[in-house]
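Below: one structure, written as structure tokens.
The values are calculated or read from the model by the stated rules, or taken from the named source; none is laboratory data. None of these values were measured; they are calculated from a predicted model. Neighbour counts run over all protein chains shown; Cβ positions are idealised from the backbone, glycine included.
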Amino acid sequence: MALELQENHRINGFSTFHPSVNNLTDDRGLSSVLKHHTKQIHTEAERSGIIKTIIRGNVKLQSYLLWLQSMQPIYEKMEMLLEENRHLIYLSDFYHPEMFRAHSLATDIDQIISTYPDLENCSELNVKNEYLGRLNEIDISKQFSLLIAHIYVRYLGDLSGGQIIEKILSKQQEFSKDNLSFYKFANIVDLNVFKNTIRGAIDNAAIHVNTQLILDEALRVFRYNINLSKEVMGSD
């Protein structure tokens, strides 16, 4: 873990350094600490870029498609890492193919392009490459804890706020159940129960990981998502 502790605690001008919480000193689980630790930047994410525009109910299909196309390789990489390392005791509790989103993203992208073929050629975004590059840097044998932070931000976000986004988008004329499968977890019976399963896995992992590293990485992931969200709208 020594090398992990030397990681830069500054991301695009945003400080991620906080006093060490390597040993949680209260009764909160790591998932609860993560929620508290990322509360401010989570709010910023909801008020930035394409997410802000979606919540306002006036996102353009071109921007939304670009966002999906940018997120798909991110999910593909996360899911590849989970698939390849599902046998590891520290990650086995996070291996739930029913929550995987890459296939649903591809379905939505294909559906939108088939309906609106003029939208097919979308821009390449710098932040997407940086985000993907970060995932490519993760050495699971030494840094599996970093992947937990990515799981927390993206999948729990899809299971929670993503459900609100789906309801808002479904009210716009361009969207339907055929191109909103990203938010549909067809093989999960109860989303709240499943979210608690993931939170429980995060809490159980706390005894095996450097918790400060996960907290810092979660802030990093939120910053990638905010910057990508803004860049998508900047290319509109």
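Quick notes
- The sole residue among K142, K184 that is basic (K, R) and closer than 18 Å to E79 by Cβ is K184.
- Taking the criterion of being hydroxyl-bearing (S, T, Y) and in contact (Cβ under 8 Å) with a residue 12 or more places away in the chain, the residues of the stretch 128-151 that qualify are Y131, S145.
- Any chance M1 is aliphatic (A, V, I, L, M), within 26 Å of G133 (Cβ to Cβ), surrounded by fewer than 17 Cβ atoms within 10 Å (Cβ to Cβ) and modelled with pLDDT of 95 or more: no
Quick grid of which residues meet (1) part of a loop (DSSP other than H, G, I, E, B); (2) out of contact with any helix residue (DSSP H, G or I) (no Cβ under 7 Å at 6 or more places or on another chain); (3) at negative phi:
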site: P73; (1), (2), (3): no, no, yes
site: M78; (1), (2), (3): no, no, yes
site: L81; (1), (2), (3): no, no, yes
site: S123; (1), (2), (3): yes, no, yes
site: K128; (1), (2), (3): no, no, yes
site: Q143; (1), (2), (3): no, no, yes
site: Y155; (1), (2), (3): no, no, yes
site: Q173; (1), (2), (3): yes, yes, yes
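- Every residue from the stretch 181-207 that is within 28 Å of I112 (Cα to Cα) and either under 17 Å from the mean Cα position of the chain (by Cα) or part of a helix (DSSP H, G or I) (or both): S181, F182, Y183, K184, F185, L191
- Members of the stretch 150-178 found to be more than 21 Å from L132 (Cα to Cα) and acidic (D, E), listed by number: E166, E174, D178
- Single match in S181, S176 (criterion: surrounded by fewer than 21 Cβ atoms within 10 Å (Cβ to Cβ), within 25 Å of S104 (Cβ to Cβ), among the hydroxyl-bearing types (S, T, Y) and at pLDDT below 95): S176
- Of the residues making up the stretch 88-111, those that are touching a helix residue (DSSP H, G or I) at 6+ places or on another chain (Cβ under 7 Å) and within 18 Å of L147 (Cβ to Cβ) number 10.
- Boolean, S31 is buried (at least 20 other Cβ atoms within 10 Å of the Cβ), modelled with pLDDT of 95 or more and either over 19 Å from A218 (Cα atoms) or of a type in the set (G, A, S) (or both): yes
- Considering only residues in the stretch 76-104 that are within 16 Å of L180 (Cα to Cα) and crowded, with 21+ Cβ neighbours inside 10 Å, the one that is farthest from the chain's Cα centre (by Cα) turns out to be M99.
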